[in-house]
Amino acid sequence: MLAAALAAAPASAQTLPLSVSANHRYLEAGGKPFFWMGDTAWLLLSRLNREETERYLTTRKRQGFNVVQVMVLHTNKMTSRYDAPALVDGDPGRPRTTPGKDPAKAGEYDYWDHLDWVIERAQAHGMYLALVPAWGDLAMERQLNEKNAPVYGRFMAERYGKAPNVIWLNGGDTRSEMRNAVWDALGTTIKRIAPRQLMTFHPIGRTTSSWQWHQAPWLDFNMFQSGHRSYAQEGANAIGEDNWRYVEQDLARTPPKPTIDGEPSYENIPHGLHEKDQPRWQAADVRRYGWWAVMAGAFGHTYGENHVMQFFLTGADTANFEPNLHWDKAIEAPGANQMRHLRALIESRPMLERVPDQALIADNGVRYDRVLASRGKSYAFAYTYTGRPFTMKLGAISGPQVKAQWYSPRDGGFVAVGTFANRGEQRFDPPGETRAGNDWVLVLDDIGNGASIVR
């Protein structure tokens, strides 16, 4: 019954091919602005069956996500939930396909038939799949090497290079400077065969693709992994939790390319990942990472949840990072349901004209007291994580008067502030007490522009 229902579902017109905008800062889908609201579902192909995959996609679609980041090969022993191996003898240059079987029947479809199906189902939900062809360990252990990388890349590109909802994440949580010839061969091969699909590089924690690959012909946009460590764990001279700094660094490079935080701290994962006695990152933390990055100029954001990214089952012997909750319960984590409010606000105003502008904040702070601001021609946003009062410099957007509102990243609601002359400086005091997690976005609009927030 499930198979028949899924087969009958039509493909969505929303998954139009993606491209980089003319200003080289954002993405477009079919020529219209596209806000990337991603989720990390790294082990989806090996941990979920088709019914569970459908449940996952349906839930994330409802929550406002439109991109899913998935590993194709986590190891060279990768199998699907149906015990279908991805490779012959663990060789990425020899994908295991089974021509002649019926890919619609359980037990007969191979690993690649299953990935075909996942791509089709994602498209039916209007969602894009950002595929990591091979995790970094495969190259580090030389299972993926200079000889078989072009062969594997050709297989992937020929099979999936025409899918309108496929994006490529070359690399895979690995050091950009290690095995660079392998990653360059893989990226070059896929891009040559599938030139219209976008590609980036997913680097190791607290690094960005731009540090090595910014000039690579196959890299269309940058991705950084701000990682899972706290200020205290990083030390005084490290970027630490200030993921907005990566955005600033990437956007300062030439030629200009879009950038995104493809792996910030996950909800419900211990600070530092492997330190079990550390506190866990919560909804307020994941909101802060998203809003900081986007206000700094990122074209979107990727969220992650500890149990969902590994699809943890209680009692499983594959547990990592101290999981304690079944994935299909964790998928409703508060932070996951709050990400939609970030997307809603950004999409409610002209997206492609938005630029970061820290000069709007007259009295900025550091770390959690930092206020991140950006603006378009007739609107401006300023995000405060702690809800501390701050002073805005007016006059940077159009109109003699501006309307001010507070927007809640927690529930998408508004609190009216008032109307002000669009000149000089104005002090704004968010609702509630000043404390971590009492985050608000100040929204200023040219009063003659008639903008309204889309819920």
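Values quoted throughout were computed directly from the atomic coordinates according to the rules given, and no laboratory measurement underlies them. This structure is a prediction, so every number in the text was calculated from the model and none was measured. Glycine gets a Cβ as well: all are built from the backbone with ideal geometry, and neighbour counts include every protein chain shown.
Counting neighbouring Cβ atoms within 10 Å and putting the fewest first, the residues Phe201, Phe321 line up as Phe321, Phe201. The packing ranking, built from the mean of other Cβ atoms within 10 Å per residue, places the peptides 263-269, 178-184 in the order 263-269, 178-184, highest first. Arranged from fewest to most other beta-carbon atoms within 10 Å of their beta carbon, Leu360, Leu144, Leu87, Leu313 become Leu313, Leu87, Leu360, Leu144.
A helix-only calculation puts the chain at -7500 deg cm²/dmol for mean residue ellipticity at 222 nm, using -39500 (n - 2.57) for each DSSP H run of at least four residues, averaged over all residues. Taking amide H as placed 1.01 Å from N in the peptide plane, Tyr128 has its amide H under 5 Å from the amide H of Val67, Val68, each at least 5 places away in sequence or on another chain. Straightening the chain between Ala396 and Asp89 buys 104.4 nm, computed as 0.36 nm per residue apart minus the Cα-Cα spacing. Efficiency by 1/(1 + (r/R0)^6): what FRET value for Asp369 and Ala22, r their Cβ-Cβ distance, R0 = 30 Å, to the nearest 0.05? After rounding, the FRET efficiency stands at 0.25. Binning the C-alpha pair distances of the chain at 20 Å intervals from 0 yields a P(r) profile of 25, 57, 17, 1 %, listed from the shortest bin outward. The alpha carbon centroids of the stretch 17-57 and the stretch 412-444 are separated by 32 Å.
What whole-number value in cubic angstrom gives the convex hull volume per residue for the C-alpha atoms of the stretch 109-157?
Numbers: hull volume 4.2 nm³, N = 49.
So the per-residue Cα hull volume is 86 Å³.
Relative intensity of the stretch 263-303 on a log10 scale, I(q)/I(0) at q = 0.16, 0.17, 0.29 Å⁻¹, equals -0.41, -0.46, -0.93, per a Debye sum over C-alpha point scatterers of equal strength in the absence of solvent. Under 5 Å between amide hydrogens, built in the peptide plane, is the criterion, and for Phe34 it picks out Leu27, Glu28, Ala29 among residues at least 5 positions away or on other chains.
Tell me, what is a quarter of the convex hull surface for the C-alpha atoms of the stretch 335-416, in nm² with one decimal? Numbers along the way, then the final one.
Values: hull surface 23.1 nm².
Mean projected area of the Cα convex hull: 5.8 nm².
Using a 10 Å cut-off on Cβ atoms, rank the peptides 123-133, 396-406, 338-348 from the highest mean neighbour count down.
Working: 123-133: 23.1, 396-406: 17.9, 338-348: 20.5.
Result, highest mean first: 123-133, 338-348, 396-406.
In this rough spin-label picture, where each label sits 7 Å from Cα along the Cβ direction, the Thr79-Ser348 distance is 5.0 nm. Were the residues from Ala181 through Gln282 laid out at 0.36 nm apart, the gain over their Cα-Cα distance would be 32.5 nm. Whole-Hz Karplus values for the stretch 257-274 come out as 9, x, 9, 7, 7, x, 7, x, 4, 7, 5, 6, 10, x, 3, x, 6, 9 Hz, taken residue by residue from phi with 6.51 cos²θ - 1.76 cosθ + 1.60 and θ = phi - 60°; glycine and proline positions read x.
Each residue of the stretch 124-141 was assigned a 3J(HN,Hα) from its phi angle through the Karplus expression (A = 6.51, B = -1.76, C = 1.60, θ = phi - 60°), giving 4, 8, x, 10, 9, 10, 9, 8, 8, x, 8, 5, x, 4, 5, 6, 4, 8 Hz with x at Gly and Pro. What is the Cα centroid distance between the stretch 289-322 and the stretch 205-244, reported in whole angstrom? Cα centroid of the stretch 289-322 versus Cα centroid of the stretch 205-244: 16 Å apart.
On a 30 Å Cα-Cα criterion, which of the cross-link pairs Lys77/Lys257; Lys32/Lys101; Lys32/Lys329; Lys77/Lys276; Lys191/Lys276 come out too long? Numbers along the way, then the final one.
Values: Lys77/Lys257 35 Å; Lys32/Lys101 40 Å; Lys32/Lys329 35 Å; Lys77/Lys276 28 Å; Lys191/Lys276 41 Å.
Over 30 Å apart, Cα to Cα: Lys77/Lys257; Lys32/Lys101; Lys32/Lys329; Lys191/Lys276.
Where does each of 442-448, 190-196, 68-74 land if you order them by average Cβ count within 10 Å, highest first? Write out the running numbers ahead of the final one.
Working: 442-448: 20.6, 190-196: 18.1, 68-74: 23.9.
Order by mean packing, descending: 68-74, 442-448, 190-196.
Between the beta carbons of Arg427 and Ala252, assuming R0 = 30 Å, the FRET efficiency works out to 0.45 to the nearest 0.05. Note on Ala416 and Ala232: the model spin-label points, each 7 Å out from Cα along the C-beta direction, lie 4.4 nm apart. You can think of it this way: the chain between Lys147 and Lys377 has 77.7 nm of extra reach, that is 0.36 nm per residue less the Cα-Cα gap.
In order along the stretch 421-432, the Karplus-derived 3J(HN,Hα) couplings, from 6.51 cos²θ - 1.76 cosθ + 1.60 at θ = phi - 60°, round to 5, 7, 7, x, 10, 9, 8, 10, 10, x, x, x Hz, and Gly and Pro are given as x.
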